[in-house]
1. Can you tell me which residue among Val324, Val312, Val344 is touching a Phe, Trp or Tyr at 6+ places or on another chain (Cβ under 7 Å) and either modelled with pLDDT of 95 or more or open to solvent by less than 70 Å² (accessible area, probe 1.4 Å) (or both)?
2. Could you list, in sequence order, the residues of the range 100-114 that are touching a helix residue (DSSP H, G or I) at 6+ places or on another chain (Cβ under 8 Å) and open to solvent by less than 40 Å² (accessible area, probe 1.4 Å)?
3. Does Gly196 meet the test of being assigned to a strand (DSSP E or B) and small (Gly, Ala, Ser)?
4. Pick from the range 23-50 the residues that are in contact with a strand residue (DSSP E or B) (Cβ under 8 Å, 6 or more places away or on another chain), not in a strand (DSSP E or B) and not polar (S, T, N, Q): which of them is surrounded by the most Cβ atoms within 10 Å (Cβ to Cβ)?
5. Looking at the range 125-138, I want the residues that are under 19 Å from Arg44 (Cβ atoms) and have a partner that is hydrophobic (A, V, I, L, M, F, W, C) and assigned to a loop (DSSP other than H, G, I, E, B) with Cβ atoms under 8 Å, at least 6 apart or on another chain. Which pairs are those?
6. Could you tell me which residue of the range 111-155 is nearest to Phe53 (Cα to Cα), considering only residues that are assigned to a loop (DSSP other than H, G, I, E, B) and among the aliphatic types (A, V, I, L, M)?
7. When you scan the range 13-22, do you find a residue that is farther than 18 Å from Arg328 by Cα, assigned to a strand (DSSP E or B) and open to solvent by less than 10 Å² (accessible area, probe 1.4 Å), even just one?
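The values are calculated or read from the model by the stated rules, or taken from the named source; none is laboratory data. Given the structure is predicted, the values throughout are model-derived calculations rather than measurements. Using ideal geometry, Cβ is built from the backbone for each residue, glycine included, and neighbour counts are taken over all protein chains shown. Accessible surface areas use protein heavy atoms only, side chains included; no ligands, DNA or RNA. Shrake-Rupley method; radii C 1.70, N 1.55, O 1.52, S 1.80 Å.
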Amino acid sequence: MLVPPEASRCIVVTSLPCGPINEANFNLEMRALRPLEPGEFLVRLHWLSVDPFMVSRLRAEANYTAGVSVGDVMQAYGVGRVEATNSSQYAHGDFVTGFFGMREWAIDNGESQVRKIDPALGPVQTALGVFGLAGITAYFGLMEVGAPKRGETVAVSAGVGSVGLLVGKIAAFHGCRTVAIVGSDEKVAAAVTTLGFDAAVNRRSARLDLDLAQACPDGVDVYFDNAGGDLYDSVLQHMNVGGRIIVCGRVASAHLAETKLDVGPRDANAILVKRLRKQGFLATDYASRAPEAIATLAEIIREGGTLPPEDVVDGIDQAPRALVRMLRGDNIGKQLVYIGPEKVT
């Protein structure tokens, strides 16, 4: 049995960013571990998830949930193994996922969105990606808000990120044409040759409008927007009558100070004339229906034969670097931090 330490290494917020989030906003610190109380259990984290929502948690402006303050452990989802327990619900050896924060050891009572992991679905870290927040976000955002129909064109920004890849897989599974909007020519090639998209465009292209027209010859019926910013303005011009825009993220404005609005042309006339529907959503609104998404995604993975790619950085001390590289768009697939002690599948 693994002997718990008296303290845990954690990533602590040392300053809130004004401008781009950077590694200097965080520090690696030791935090004491107290004895377990009745109903609690101790988890040794093996994997940490790095997600775009972390941007909003580091901003001072009002958001859909409380953010972090200076001195707090950075919020994050993780996967780990129960190493000690005073709970009748969680036994020693159980693998669980939850909102544990960026730390190596976590004490919980099951209320931090904790659930046991089904090892039959895949490696334990997939509970942070395809069978976790990314999968739930992609599935309900596309199917409930976007409501794609067979033969329609679905475009997704941040198309080779953890959510964008799954949006493409789900849309293809339902008979749609899939178009990834990505940040480099290398990602354009990867999206089409290895990741299953029908077409892809580089959002930094000098001929973006023409590239979108060629990739979407019949227009765009559903736009899954993970970016916002000027890219939204460009895609808007290619939307079909009755199109649906899913507002999922705003990574394009992640560098903006909280006092600066994400502004641009935002062609309201196109929304009016084309009778477009634009709707924001939060994956947490569908938490009670997570098993539905997981079951469908498991079917899609079984039919496709491969799990989505993962982008792994090793070591808890490297977690801030993983967050920065994800926000730059350097990753392909789910951004993860592996913190040991040994890889278990």
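1. Only one candidate passes the filter, namely Val312.
2. Listed by number, the residues that qualify are Met102, Glu104.
3. Against the criterion (assigned to a strand (DSSP E or B) and small (Gly, Ala, Ser)), Gly196 does not qualify.
4. Applying the filter and picking the extreme gives Val50.
5. Close Cβ pairs (under 8 Å, with a partner that is hydrophobic (A, V, I, L, M, F, W, C) and assigned to a loop (DSSP other than H, G, I, E, B)) amount to Thr126/Leu307; Ala127/Ile117; Ala127/Leu121.
6. Only one residue fits best here, namely Val130.
7. yes
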